[in-house]
Amino acid sequence: MSSKLIAPSILAADFANLQRDVEMVNNSDADWFHIDIMDGVFVPNISFGMPVLQAITKHAKKTVDVHLMIVDPDRYIKTFAQLGSNILTVHYEACTHLHRTLQAIKVEGMKAGVALNPHTNINLLEDTINDIDLVCIMSVNPGFGGQSFIENTYNKVKQLKELITRKGASTLIEIDGGVTNKNAKELVDAGADVLVAGSYVFKSTNQLETIKNLKALANS
Ligand code: DX5
Ligand code: ZN
(Lines give C-alpha, C1' and ligand atoms only; values in the text may rest on other atoms or scores of the structure.)
(Ligands and ions follow the chains in the order given, each with its own letter.)
Protein backbone atom coordinates (compact mmCIF):
# COMPACT_ATOMS: atom_id res chain seq x y z
CA MET A 1 0.00 0.00 0.00
CA SER A 2 1.38 3.41 -0.93
CA SER A 3 2.11 5.80 1.88
CA LYS A 4 -0.54 8.21 3.13
CA LEU A 5 0.22 11.88 2.65
CA ILE A 6 -0.01 14.93 4.92
CA ALA A 7 -0.73 18.36 3.46
CA PRO A 8 -0.51 21.26 5.95
CA SER A 9 -2.90 24.07 5.01
CA ILE A 10 -1.10 27.39 4.76
CA LEU A 11 -4.38 29.20 5.54
CA ALA A 12 -3.57 28.58 9.21
CA ALA A 13 0.04 29.80 8.95
CA ASP A 14 1.29 33.09 10.39
CA PHE A 15 1.12 35.39 7.36
CA ALA A 16 3.55 37.81 8.99
CA ASN A 17 6.07 34.96 9.09
CA LEU A 18 5.13 33.15 5.91
CA GLN A 19 8.63 32.20 4.81
CA ARG A 20 9.38 30.77 8.26
CA ASP A 21 6.23 28.63 8.11
CA VAL A 22 6.94 27.50 4.53
CA GLU A 23 10.44 26.44 5.62
CA MET A 24 8.94 24.58 8.58
CA VAL A 25 6.85 22.53 6.14
CA ASN A 26 9.93 22.02 3.90
CA ASN A 27 11.82 20.61 6.89
CA SER A 28 8.96 18.46 8.16
CA ASP A 29 7.59 15.00 7.36
CA ALA A 30 4.75 16.66 5.40
CA ASP A 31 4.31 15.75 1.75
CA TRP A 32 2.44 18.66 0.17
CA PHE A 33 1.60 22.31 0.69
CA HIS A 34 -2.18 22.86 0.66
CA ILE A 35 -3.05 26.37 -0.52
CA ASP A 36 -6.59 27.75 -0.16
CA ILE A 37 -7.67 30.44 -2.62
CA MET A 38 -11.04 32.07 -1.74
CA ASP A 39 -12.83 34.76 -3.70
CA GLY A 40 -15.53 35.98 -1.29
CA VAL A 41 -18.19 34.85 -3.80
CA PHE A 42 -18.06 31.06 -3.95
CA VAL A 43 -17.32 31.07 -0.22
CA PRO A 44 -18.06 33.78 2.37
CA ASN A 45 -14.41 34.64 2.93
CA ILE A 46 -11.39 35.99 1.02
CA SER A 47 -8.00 34.39 1.74
CA PHE A 48 -5.19 35.52 -0.55
CA GLY A 49 -4.39 35.56 -4.24
CA MET A 50 -1.66 35.38 -6.85
CA PRO A 51 1.13 37.51 -5.30
CA VAL A 52 0.99 35.55 -2.05
CA LEU A 53 0.92 32.22 -3.89
CA GLN A 54 3.97 33.37 -5.83
CA ALA A 55 5.76 34.19 -2.58
CA ILE A 56 4.96 30.71 -1.27
CA THR A 57 6.02 28.79 -4.39
CA LYS A 58 9.31 30.69 -4.43
CA HIS A 59 10.28 28.87 -1.20
CA ALA A 60 8.18 25.71 -1.29
CA LYS A 61 10.21 22.57 -1.97
CA LYS A 62 7.28 20.13 -1.99
CA THR A 63 4.21 19.53 -4.16
CA VAL A 64 1.97 22.61 -4.27
CA ASP A 65 -1.68 21.56 -4.00
CA VAL A 66 -3.93 24.53 -4.81
CA HIS A 67 -7.59 24.43 -3.73
CA LEU A 68 -9.63 26.99 -5.64
CA MET A 69 -12.77 28.13 -3.84
CA ILE A 70 -13.70 30.55 -6.60
CA VAL A 71 -16.46 30.91 -9.18
CA ASP A 72 -15.62 30.36 -12.85
CA PRO A 73 -12.13 28.90 -12.20
CA ASP A 74 -11.42 28.42 -15.94
CA ARG A 75 -10.38 32.08 -16.12
CA TYR A 76 -7.27 31.45 -14.03
CA ILE A 77 -6.05 27.94 -14.92
CA LYS A 78 -3.09 29.19 -16.96
CA THR A 79 -2.12 31.72 -14.31
CA PHE A 80 -2.09 29.12 -11.53
CA ALA A 81 0.10 26.87 -13.68
CA GLN A 82 2.54 29.73 -14.26
CA LEU A 83 2.65 30.42 -10.51
CA GLY A 84 3.96 26.92 -9.83
CA SER A 85 0.86 24.92 -8.86
CA ASN A 86 1.35 21.16 -9.24
CA ILE A 87 -2.22 20.14 -8.46
CA LEU A 88 -5.17 22.40 -9.24
CA THR A 89 -8.47 21.55 -7.57
CA VAL A 90 -11.74 23.17 -8.63
CA HIS A 91 -15.12 22.83 -6.94
CA TYR A 92 -17.71 20.60 -8.56
CA GLU A 93 -20.33 23.21 -7.60
CA ALA A 94 -18.42 25.98 -9.43
CA CYS A 95 -18.04 24.23 -12.80
CA THR A 96 -20.72 24.13 -15.48
CA HIS A 97 -18.43 22.20 -17.84
CA LEU A 98 -16.37 20.13 -15.44
CA HIS A 99 -15.01 17.73 -18.06
CA ARG A 100 -13.67 20.62 -20.12
CA THR A 101 -12.15 22.27 -17.05
CA LEU A 102 -10.32 19.05 -16.11
CA GLN A 103 -8.82 18.77 -19.58
CA ALA A 104 -7.73 22.42 -19.48
CA ILE A 105 -5.92 21.87 -16.16
CA LYS A 106 -4.05 18.85 -17.58
CA VAL A 107 -3.08 20.70 -20.77
CA GLU A 108 -1.23 23.14 -18.50
CA GLY A 109 0.78 20.24 -17.03
CA MET A 110 -0.97 20.08 -13.65
CA LYS A 111 -2.84 17.26 -11.93
CA ALA A 112 -6.58 17.88 -11.92
CA GLY A 113 -8.59 17.82 -8.69
CA VAL A 114 -12.30 18.16 -7.92
CA ALA A 115 -13.56 19.26 -4.50
CA LEU A 116 -17.02 18.33 -3.21
CA ASN A 117 -18.94 20.37 -0.66
CA PRO A 118 -20.46 18.40 2.24
CA HIS A 119 -23.88 18.36 0.52
CA THR A 120 -22.59 17.13 -2.85
CA ASN A 121 -23.14 13.44 -3.55
CA ILE A 122 -20.24 11.20 -4.58
CA ASN A 123 -22.36 9.62 -7.36
CA LEU A 124 -22.14 12.87 -9.34
CA LEU A 125 -18.56 11.87 -10.21
CA GLU A 126 -19.64 8.59 -11.81
CA ASP A 127 -18.96 9.89 -15.35
CA THR A 128 -15.76 11.84 -14.68
CA ILE A 129 -13.86 9.83 -12.07
CA ASN A 130 -11.43 8.37 -14.64
CA ASP A 131 -10.44 11.93 -15.63
CA ILE A 132 -9.82 13.10 -12.05
CA ASP A 133 -6.40 12.78 -10.37
CA LEU A 134 -7.66 13.82 -6.94
CA VAL A 135 -11.03 14.21 -5.24
CA CYS A 136 -11.04 16.56 -2.27
CA ILE A 137 -13.89 15.66 0.08
CA MET A 138 -14.75 18.71 2.14
CA SER A 139 -15.23 17.61 5.74
CA VAL A 140 -16.33 21.15 6.70
CA ASN A 141 -18.19 23.79 4.72
CA PRO A 142 -15.43 25.59 2.81
CA GLY A 143 -14.46 29.15 3.70
CA PHE A 144 -12.75 28.99 7.06
CA GLY A 145 -10.11 27.07 8.95
CA GLY A 146 -10.68 25.77 12.46
CA GLN A 147 -14.18 24.33 12.00
CA SER A 148 -15.29 21.00 13.36
CA PHE A 149 -15.23 17.81 11.32
CA ILE A 150 -18.51 16.55 9.79
CA GLU A 151 -18.98 12.88 10.73
CA ASN A 152 -20.79 11.91 7.50
CA THR A 153 -17.40 12.28 5.79
CA TYR A 154 -16.51 8.68 6.62
CA ASN A 155 -19.48 7.43 4.56
CA LYS A 156 -18.48 9.63 1.64
CA VAL A 157 -14.91 8.36 1.70
CA LYS A 158 -16.12 4.76 1.59
CA GLN A 159 -18.53 5.52 -1.28
CA LEU A 160 -15.79 7.28 -3.23
CA LYS A 161 -13.31 4.46 -2.64
CA GLU A 162 -15.92 2.01 -3.95
CA LEU A 163 -16.50 4.17 -7.06
CA ILE A 164 -12.76 4.47 -7.76
CA THR A 165 -12.25 0.71 -7.41
CA ARG A 166 -15.30 -0.15 -9.53
CA LYS A 167 -14.17 2.19 -12.34
CA GLY A 168 -10.53 1.11 -12.16
CA ALA A 169 -9.47 4.73 -11.62
CA SER A 170 -6.26 5.84 -9.88
CA THR A 171 -7.76 8.91 -8.22
CA LEU A 172 -6.41 9.99 -4.83
CA ILE A 173 -8.86 10.79 -2.01
CA GLU A 174 -8.06 13.93 -0.03
CA ILE A 175 -9.85 15.06 3.13
CA ASP A 176 -10.04 18.77 3.92
CA GLY A 177 -11.33 20.33 7.14
CA GLY A 178 -11.16 19.55 10.83
CA VAL A 179 -8.54 16.82 10.48
CA THR A 180 -6.75 15.94 13.74
CA ASN A 181 -5.18 12.93 15.45
CA LYS A 182 -8.73 11.99 16.53
CA ASN A 183 -10.01 11.19 13.02
CA ALA A 184 -6.86 10.60 10.91
CA LYS A 185 -6.67 6.85 11.36
CA GLU A 186 -10.38 6.26 10.74
CA LEU A 187 -10.21 8.39 7.58
CA VAL A 188 -7.28 6.41 6.22
CA ASP A 189 -8.98 3.13 7.12
CA ALA A 190 -12.05 4.32 5.17
CA GLY A 191 -9.86 4.93 2.09
CA ALA A 192 -8.32 8.41 2.37
CA ASP A 193 -4.89 8.99 0.76
CA VAL A 194 -4.16 12.63 1.64
CA LEU A 195 -5.01 14.46 4.87
CA VAL A 196 -5.09 18.27 4.85
CA ALA A 197 -4.52 19.83 8.28
CA GLY A 198 -4.48 23.55 9.00
CA SER A 199 -5.25 24.58 12.57
CA TYR A 200 -4.23 21.24 14.03
CA VAL A 201 -0.69 21.74 12.69
CA PHE A 202 -0.15 25.49 12.92
CA LYS A 203 -1.83 26.10 16.29
CA SER A 204 0.19 23.36 17.95
CA THR A 205 3.25 24.22 20.02
CA ASN A 206 5.58 21.81 18.24
CA GLN A 207 4.52 21.85 14.58
CA LEU A 208 7.25 19.49 13.34
CA GLU A 209 6.30 16.96 15.99
CA THR A 210 2.58 17.32 15.22
CA ILE A 211 3.19 16.65 11.51
CA LYS A 212 5.47 13.72 12.30
CA ASN A 213 2.89 12.13 14.62
CA LEU A 214 0.01 12.71 12.19
CA LYS A 215 1.98 11.12 9.38
CA ALA A 216 2.90 8.14 11.56
CA LEU A 217 -0.72 7.73 12.63
CA ALA A 218 -1.95 7.87 9.03
CA ASN A 219 0.54 5.16 8.08
CA SER A 220 0.04 2.93 11.12
C1 DX5 B 1 -11.45 25.35 4.31
C2 DX5 B 1 -10.13 25.07 3.64
C3 DX5 B 1 -9.26 24.16 4.40
C4 DX5 B 1 -8.80 24.72 5.73
C5 DX5 B 1 -8.62 23.57 6.68
O6 DX5 B 1 -12.25 26.07 3.45
O7 DX5 B 1 -10.34 24.48 2.38
O8 DX5 B 1 -8.13 23.76 3.64
O9 DX5 B 1 -7.61 25.43 5.63
O10 DX5 B 1 -8.37 24.07 7.94
P11 DX5 B 1 -8.55 23.22 9.26
O12 DX5 B 1 -7.62 22.06 9.17
O13 DX5 B 1 -8.19 24.20 10.33
O14 DX5 B 1 -9.98 22.78 9.31
ZN1 ZN C 1 -8.59 23.53 1.35
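Dividing the mean sequence gap of close Cα pairs (under 8 Å, 6+ apart) by how many residues the chain holds gives a relative contact order of 22 percent. Accessible surface calculations at 1.4 Å, restricted to protein heavy atoms, place the chain at 44 Å² per residue. Take 174-184, 192-202, 74-84 and order them by the average number of nearby Cβ atoms within 10 Å per residue, most first; the result is 192-202, 174-184, 74-84. Straight-line cross-link partners of Lys185 among the aspartates and glutamates, defined as a Cα under 13 Å from its Cα and at least 8 positions apart when in the same chain: Asp193.
Using a probe radius of 1.4 angstrom, the carbon and sulfur fraction of the accessible surface of the chain is 50%.
The values are calculated or read from the model by the stated rules, or taken from the named source; none is laboratory data. These numbers come from a predicted model, not from an experiment. Cβ: placed from backbone, ideal geometry, glycine included. Neighbour counts: every protein chain shown. SASA here: full protein model, heavy atoms, side chains in, ligands and nucleic acids out. Shrake-Rupley method; radii C 1.70, N 1.55, O 1.52, S 1.80 Å.
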